């Protein structure tokens, strides 16, 4: 990661939730979507859009007091067991997210910047805005090689763990070290 990160030149995001009020009327809840840094990964910021605790989810008329972000996420705080998680991730130029794996199917859509998907064998795929990476319980890392911040949205759907050739489930993990 660069010593002095350029200004974060990405737009502010909003979350608009169309839901029902207590009378059954359709209403829009519109609010800014705050990004939060992650202390163990400088240069990485994320925002939770919506999280469900089950699939299929329940769209009851719970009204404005129900917030899909109230679902506690264990472990890496990426996957909602038996549910879904939609989140944004922003990565500073030169930033790196170490290798990790989750028991989920992840749909990652790059919105801004350039991003590199890195597989355990070292192979790299350069991504441009509009590209989609589907992770199926696979170990991977991310790197931003560009001069600007990268932003992508991820929808993570809980899945049974991928299995090794011997049939043993592959464990979720997050490497704290930079393994580029």
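Annotations for the structure displayed:
- Residue 33 vs. criteria out of contact with any helix residue (DSSP H, G or I) (no Cβ under 8 Å at 6 or more places or on another chain), within 19 Å of residue 115 (Cα to Cα), modelled with pLDDT of 85 or more and surrounded by 14 or more Cβ atoms within 10 Å (Cβ to Cβ): no
- Yes/no for residue 79 being in a strand (DSSP E or B), touching a residue at least 24 places away in the same chain (Cβ under 8 Å) and either in contact with a strand residue (DSSP E or B) (Cβ under 6 Å, 6 or more places away or on another chain) or closer than 22 Å to residue 48 by Cα (or both): no
- Spans of strands (runs of 3 or more DSSP E) in the stretch 116-180 with at least 1 residues modelled with pLDDT of 95 or more and loosely packed, with under 15 Cβ neighbours inside 10 Å: 124-127, 132-136
- Residues of the stretch 36-57 that turn out to be in a loop (DSSP other than H, G, I, E, B), at pLDDT 80 or above and in contact with a strand residue (DSSP E or B) (Cβ under 8 Å, 6 or more places away or on another chain), as a count: 1
- Looking only at residues in the stretch 23-35 that are touching a residue at least 24 places away in the same chain (Cβ under 8 Å) and part of a loop (DSSP other than H, G, I, E, B), the one that is farthest from the chain's Cα centre (by Cα) is 24.
The values are calculated or read from the model by the stated rules, or taken from the named source; none is laboratory data. Being a predicted model, the structure only gives us computed values, none of them experimental. With ideal geometry, Cβ positions are generated from the backbone for all residues, glycine too; neighbour counts draw on all protein chains shown.
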